[in-house]
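The values are calculated or read from the model by the stated rules, or taken from the named source; none is laboratory data. What you see is a predicted model; the values in this text were computed from it and never measured. Counting neighbours? That spans all protein chains shown, and the Cβs are built from the backbone with ideal geometry, glycine included.
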Amino acid sequence: MRLTGKTAIVTGGGSGFGEGIAKTYAREGANVVVNDLNGAAAERVASEIALAGGKAIAVAGDVTRGEDWTRLREAALEDFGSVQIVVNNAGTTHRNKPVLEVTEAEFDRVYAVNVKSLYWSVQEFVPYFRAQGGGVFVNIASTAGVRPRPGLVWYNGSKGAVIIASKSLAAELGPDRIRVNCVNPVIGETGLLSEFMGVEDTPENRKRFLAGIPLGRFSTPQDIANACLYLASDEAEFITGVCLEVDGGRCV
């Protein structure tokens, strides 16, 4: 198993990509701290991991708040003794719509969840990883930060910020043996699908979006989890500052 002896924190782990990452990490031997704003969802995923023979705890919390990150770190250390991996997966979007229709509240929420959460994870875990002699961040960005679509301007911008911040962190933190990488999913079958499309989730509307993906399907949680597994594993010990598109060819 590729993550035996490691502990990973997965934000937004109560559903979608985060759930897939958390369960895959657990199957590969990691202790997993499942974080989600929805505490019941985090508890469900942690319980399912335990029933499958893995080790996991659930910690409810808001990734936009520094005190919640402190509590998350403390809970992980109390239960598992150390942390080697932080997956910044929690994210949100405004609905696909013209840029002038996006409200200030929607803008603030997108940047708080998608970008400020990364700031807080760095504030909380870089000093810890330095003291431990290294660590790994895996940040979930998006193909939207590489090849943006109309109607998602501020979401696209937030994911572009995650990509550039991740590369910058990789350059700055490399001497501390702290690796920082991104995974860029294409649109996937998650709870945010209709928000990304900006229209009702129908076979006809899906067909329109799938036309831009050469491999002809949306991404799945397992697709994203497989990439995150590799980047967190010792097999990727010489890889940092990479943004891996998991997109069926969307960005070609």
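Structure summary
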item: Close pairs from region 130-146: first at pLDDT 95 or above, partner among the small types (Gly, Ala, Ser), Cβ under 6 Å, at least 6 apart; result: Val136/Ala232; Val138/Ala232; Asn139/Ser166; Gly145/Gly160
item: Any hit, region 61-77, residues being touching a Leu at 6+ places or on another chain (Cβ under 9 Å), in a loop (DSSP other than H, G, I, E, B) and under 21 Å from Gln132 (Cα atoms); result: no
item: Test: residue in region 16-23 that is touching a Cys at 6+ places or on another chain (Cβ under 7 Å) and in a helix (DSSP H, G or I); result: yes
item: Number of positions in region 45-66 that are of a type in the set (A, V, I, L, M) and more than 23 Å from Trp120 (Cα to Cα); result: 6
item: Failed criterion for Glu106 (all others in (1) under 21 Å from Pro148 (Cβ atoms); (2) loosely packed, with under 14 Cβ neighbours inside 10 Å; (3) of a type in the set (Asp, Glu) hold); result: (2)
item: Residue within region 211-228 that is touching a Gly at 6+ places or on another chain (Cβ under 7 Å), among the aliphatic types (A, V, I, L, M) and in a helix (DSSP H, G or I) present; result: yes
item: Conditions (1) crowded, with 22+ Cβ neighbours inside 10 Å; (2) touching a helix residue (DSSP H, G or I) at 6+ places or on another chain (Cβ under 9 Å); (3) small (Gly, Ala, Ser); (4) touching a residue at least 40 places away in the same chain (Cβ under 8 Å); number of the one not met by Ala46; result: (4)
item: All positions within region 156-206 that are modelled with pLDDT of 95 or more, surrounded by fewer than 16 Cβ atoms within 10 Å (Cβ to Cβ) and of a type in the set (Ser, Thr, Tyr); result: Ser168
item: Complete set of residues in region 25-43 that are under 17 Å from Ser117 (Cβ atoms), assigned to a strand (DSSP E or B) and without any contact (Cβ under 8 Å) to a residue 40 or more places away in the chain; result: Val34
item: Members of region 8-39 found to be surrounded by fewer than 24 Cβ atoms within 10 Å (Cβ to Cβ) and touching a Phe, Trp or Tyr at 6+ places or on another chain (Cβ under 7 Å), listed by number; result: none
item: Some residue of region 78-98 being part of a strand (DSSP E or B), over 19 Å from Val183 (Cα atoms) and not acidic (Asp, Glu); result: no
item: Answer from Ala58, Ala75 - the residue that is in contact with an Asp or Glu (Cβ under 7 Å, 6 or more places away or on another chain) and of a type in the set (A, V, I, L, M); result: Ala58
item: Residue in region 66-83 that is crowded, with 20+ Cβ neighbours inside 10 Å and among the small types (Gly, Ala, Ser) present; result: yes
item: Residue pairs meeting the criteria (Cβ under 9 Å; at least 6 apart or on separate chains; first over 15 Å from Thr143 (Cα atoms), in region 200-214; second of a type outside the set (Lys, Arg) and in a helix (DSSP H, G or I)); result: Glu200/Ser194; Asp201/Leu193; Asp201/Ser194; Asn205/Ser194; Asn205/Met197; Arg206/Leu193; Arg206/Met197; Arg208/Met197
item: Filter pass, Ile9 being touching a Cys at 6+ places or on another chain (Cβ under 9 Å) and either touching a residue at least 24 places away in the same chain (Cβ under 8 Å) or polar (S, T, N, Q) (or both); result: no
item: Some residue of region 236-246 being on the phi < 0 side of the Ramachandran plot, in a helix (DSSP H, G or I) and more than 14 Å from the chain's Cα centre (by Cα); result: yes
item: Any hit, region 50-57, residues being surrounded by fewer than 24 Cβ atoms within 10 Å (Cβ to Cβ), in a strand (DSSP E or B) and not hydroxyl-bearing (Ser, Thr, Tyr); result: yes
